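Student: Quick one: the structure is below, and I'll ask about it shortly.
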Ligand code: BES
Ligand code: MN
Ligand code: ZN
């Protein structure tokens, strides 16, 4: 899909589909009223007949409306005037793009950014329009031998007030880059584990870097990890015949002396649980256990497309977690890159094992801050459901900035405690710590485990087990939290210019 912005013309534009909002009780937003006049009151007549949609989620497609040069006119319900909040606007957009996708229109002009959304400006509305378009029109058909019919819609033009045009262009470019990142993350996560292997992820990383002088990609293989002493990461990989990779992407968008932001993404391309084997039901969904990696790749792609004035380092530990004669066993003790030892009481708590070594390794880049993203615990889904990602941090200004980015992008996070009290649950009789902390507060003890490897870093952890994919009829990847992280990085460019996060 291609997006553009244009300033609202004074008369109805020539288009194959013009999209207008309509409030409940026949109230017409200014742009809709203008078109109504051009049609000599055609829309008012429809209102009189009681056929105009006003309620949220309703739409009406009209053809060959007299007096305007538009093939189609799509009217979408915007609910009562003055009551359009974030969620309602999202619903309206979803309904709009569903209707457009179901029509034969190849191109549309949307006059929706003038609708009043409580507390939101035009830049935000443009961002949402592009986000919801991506969400609604996305298809993953590449593994079907006969691709189902695609929506005809190819181009969408967003109409804005003339004085907002240049700001709108800038926010459109950011929104489109973010949508590309989301799409990449969804594609990678939807691919099955027999295709999307650690090597496949490495190739994808190289693809992102291609033709871009400010990006370098390399990877540590098993031998390199051994040499470094990444005993925890290796213990997860040792049960698989598919070699692991620690993928490293560096993007230099700022002066060399500016400390980078490090992003670490869990890339378990399939999590069977290992010797602590998972039950069979829905085990296929564990191909999504690399959504942290997909998020980091998507966010990097977006940042590179926007050429953000930041330095970034992405670290992606990629491996399978399988049972095998050589797999690690419950009770095994491994030495991590940090030197701390871990008793593996459950081989299914593998995410924290690959992340702890990656987080220790991240410190070598002397980052300003580190954010890890991982489908880490089922307990996080029990605690928070599918709406927010779980956020944990040892640095309150970083937590605040991430929460803010989530609230802006509507890809929200919710902060969970990381108190010392929880550390007691990780006690081991045989090593420095165990890799599980019992039934209580499972998402928190997983984060508490990671915190032992980030004591000298400004660090945040996003548990995305509930947000990165959907189960059931709509099974598939969501691309979350690419919007949150991309927004965070965009906002961070300003912070990097003005000083550090703490000020
Ligand atoms: N990848 C899973 C987390 C997960 C489970 C995400 C279910 C989404 C749905 C992770 O590696 C895992 O297996 N975690 C265990 C930890 C437990 C053994 C302490 C879990 O959550 O059950
Ligand atoms: Mn697991
Ligand atoms: Zn896992």
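Student: Quick check, is residue 234 crowded, with 24+ Cβ neighbours inside 10 Å, more than 16 Å from ligand 3 (Cβ to nearest atom) and in contact (Cβ under 8 Å) with a residue 12 or more places away in the chain?
Tutor: no
Student: Can you give me the number of residues within the range 359-393 that are in a helix (DSSP H, G or I) and within 16 Å of ligand 2 (Cβ to nearest atom)?
Tutor: The total comes to 5.
Student: Turning to a different aspect of this structure: Considering only the range 289-306, I want to know if a residue exists there that is within 15 Å of ligand 2 (Cβ to nearest atom), under 17 Å from residue 323 (Cα atoms) and under 16 Å from the mean Cα position of the chain (by Cα).
Tutor: For the range 289-306, residues within 15 Å of ligand 2 (Cβ to nearest atom), under 17 Å from residue 323 (Cα atoms) and under 16 Å from the mean Cα position of the chain (by Cα): present.
Student: Can you find, within the range 320-358, the residue that is farthest from ligand 1 (Cβ to nearest atom) among those that are closer than 11 Å to residue 232 by Cβ, part of a strand (DSSP E or B) and in contact with a helix residue (DSSP H, G or I) (Cβ under 7 Å, 6 or more places away or on another chain)?
Tutor: Out of the qualifying residues, it is 335.
Student: Somewhere in the range 191-199, is a residue touching a residue at least 12 places away in the same chain (Cβ under 8 Å), surrounded by fewer than 22 Cβ atoms within 10 Å (Cβ to Cβ), part of a helix (DSSP H, G or I) and assigned by TED's automatic domain parsing to the domain that holds residue 305?
Tutor: yes
Student: Okay, next question. Please verify whether residue 66 is over 21 Å from residue 13 (Cβ atoms), assigned by TED's automatic domain parsing to the domain that holds residue 25 and not in a helix (DSSP H, G or I), treating the condition exactly as stated.
Tutor: no
Student: Considering only residues of the range 272-305 that are away from ligand 1 (no atom under 15 Å from the Cβ) and buried (at least 22 other Cβ atoms within 10 Å of the Cβ), which is nearest to residue 499 (Cα to Cα)?
Tutor: Among them, the one singled out is 303.
Student: I'm trying to understand the selection: among the residues of the range 29-54, which are assigned to a loop (DSSP other than H, G, I, E, B) and in contact with a helix residue (DSSP H, G or I) (Cβ under 6 Å, 6 or more places away or on another chain)?
Tutor: 52, 54, listed by residue number.
Student: Related question: Please enumerate the residues belonging to the range 244-271 that are within 16 Å of ligand 1 (Cβ to nearest atom) and crowded, with 24+ Cβ neighbours inside 10 Å.
Tutor: Those that are within 16 Å of ligand 1 (Cβ to nearest atom) and crowded, with 24+ Cβ neighbours inside 10 Å: 244, 264, 265, 266, 267, 268, 269, 271.
Student: Tally up the residues in the range 394-438 that are more than 28 Å from residue 119 (Cα to Cα) and part of a strand (DSSP E or B), please.
Tutor: Residues that pass the stated criteria total 2.
The values are calculated or read from the model by the stated rules, or taken from the named source; none is laboratory data. Treat the numbers as computed from the prediction; the structure is a model and nothing was measured. Counting neighbours? That spans all protein chains shown, and the Cβs are built from the backbone with ideal geometry, glycine included.
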